[in-house]
1. Sort out which residues of the stretch 217-273 are under 30 Å from His82 (Cα atoms) and of a type in the set (D, E, K, R), and write them in order of number.
2. Given the criterion open to solvent by less than 60 Å² (accessible area, probe 1.4 Å) and touching a Lys or Arg at 6+ places or on another chain (Cβ under 6 Å), identify the matching residue among Ala53, Ala94, Ala114.
3. Any idea which residue in the stretch 198-254 is nearest to the chain's Cα centre (by Cα), counting only those that are part of a loop (DSSP other than H, G, I, E, B) and basic (Lys, Arg)?
4. Filter the stretch 174-197 for residues that are touching a Ser or Thr at 6+ places or on another chain (Cβ under 8 Å) and either part of a strand (DSSP E or B) or under 16 Å from Glu263 (Cα atoms) (or both) and give the result.
5. Tally time: how many residues in the stretch 125-174 are farther than 20 Å from Glu202 by Cβ, surrounded by 18 or more Cβ atoms within 10 Å (Cβ to Cβ) and of a type in the set (S, T, N, Q)?
6. So which of Gly47, Gly28, Gly59 ends up being open to solvent by less than 60 Å² (accessible area, probe 1.4 Å) and touching a Gly at 6+ places or on another chain (Cβ under 8 Å)?
7. Among the residues of the stretch 17-24, is there at least one that is over 30 Å from Thr191 (Cα atoms), in a helix (DSSP H, G or I) and modelled with pLDDT under 95?
Amino acid sequence: MPETPAPRPGDAAPPSVCRWAVLMEYDGRDFIGWQRQPVDSLISIQGLLEGAARKLTAGRTVPSITAGRTDAGVHASGQVAHLDFPADVTLSSATVRDGLNFYMKPHPVVVVMARPVLPHWNARFSANARAYRYRILNRAARPALEEGRVWHVRSPLDVTLMRQAALSLTGRHDFTSFRATACQARSPVRTIDQLDVRREGEYVVIETRARSFLHHQVRNMAGTLKLVGEGRWEPGRVEQALAARDRRAAGPTAPPDGLCLTEVGYEDNPFTR
């Protein structure tokens, strides 16, 4: 079973619209996540983006699709979405970028780049890789400058043991033990191309890359590796948890604070042409 759904005919932009790709960064602390919600009082990143796009088109609807629907509190430095603007609206890359940024102020959401793309290009279905970084502040004192942007863990973490345990999670596996119980993916099988753990001074950094991830998979892997780093789990127990195919066998879900979507990969990347 493919890890990312194949594009469907309905995913291409109709002739009446012009599709634009946007590269975004945001601080996720103040949002309910990416996805727009029916309750107006709940602020989503998608809602802000589409609301700003409507103001660029005098109130006309501009739908969007994203590469990754990040959860509440999760950050992004390399999120990608596409917007379908009416074809009769004259736009430039600078107009899209600067206009969206103007109307999304003062919220901590920024369009870094905007590029026109072909009708069949799709932020979600054209993506062939997604990369995340999870950061742990590993010291006794709580964070001040990075409150809400790291997971604060007081007990010393053994990065060597965490790295050893991470090896059992790389490759193609059934990740039932590491996905949210409410995950709606049709298959729990995923291929982890990269799962690295390193120490940078007071920080422990987990970097991971795959074509796609299950709901909460990265946070569940981080929470499990943290148990190994504290010495509460032997590294081999992670492999046992994976084989159990039971969410209860793995560690806790790490908080969203430390998670950041850093990159979305495309064979035809509009931002690197």
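The values are calculated or read from the model by the stated rules, or taken from the named source; none is laboratory data. All values reported here derive from a predicted model rather than from experimental measurement. All Cβ positions, glycine included, derive from the backbone under ideal geometry; neighbour counts span all protein chains shown. Surface areas here come from the heavy atoms of the whole protein model, side chains and all, with no ligands, DNA or RNA. Shrake-Rupley method; radii C 1.70, N 1.55, O 1.52, S 1.80 Å.
1. Arg219, Asp257, Glu263, Glu267, Asp268, Arg273
2. On inspection, the qualifying residue turns out to be Ala114.
3. Taking the candidates together, the pick is Arg211.
4. So in the stretch 174-197, the residues touching a Ser or Thr at 6+ places or on another chain (Cβ under 8 Å) come out as 178, 180, 188, 190, 192-196.
Result: Arg190, Ile192, Asp193, Gln194, Leu195, Asp196.
5. 2
6. Gly28
7. Checked the stretch 17-24: no residue is over 30 Å from Thr191 (Cα atoms), in a helix (DSSP H, G or I) and modelled with pLDDT under 95.
Residues checked against (1) free of Cβ contacts under 8 Å to residues at least 60 places away in the same chain; (2) farther than 22 Å from Val153 by Cβ:
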residue: Phe175; (1), (2): no, yes
residue: Leu195; (1), (2): yes, no
residue: Gly201; (1), (2): yes, no
residue: Val204; (1), (2): no, no
residue: Val218; (1), (2): no, no
residue: Arg232; (1), (2): yes, no
residue: Ala241; (1), (2): no, no
residue: Arg273; (1), (2): no, yes
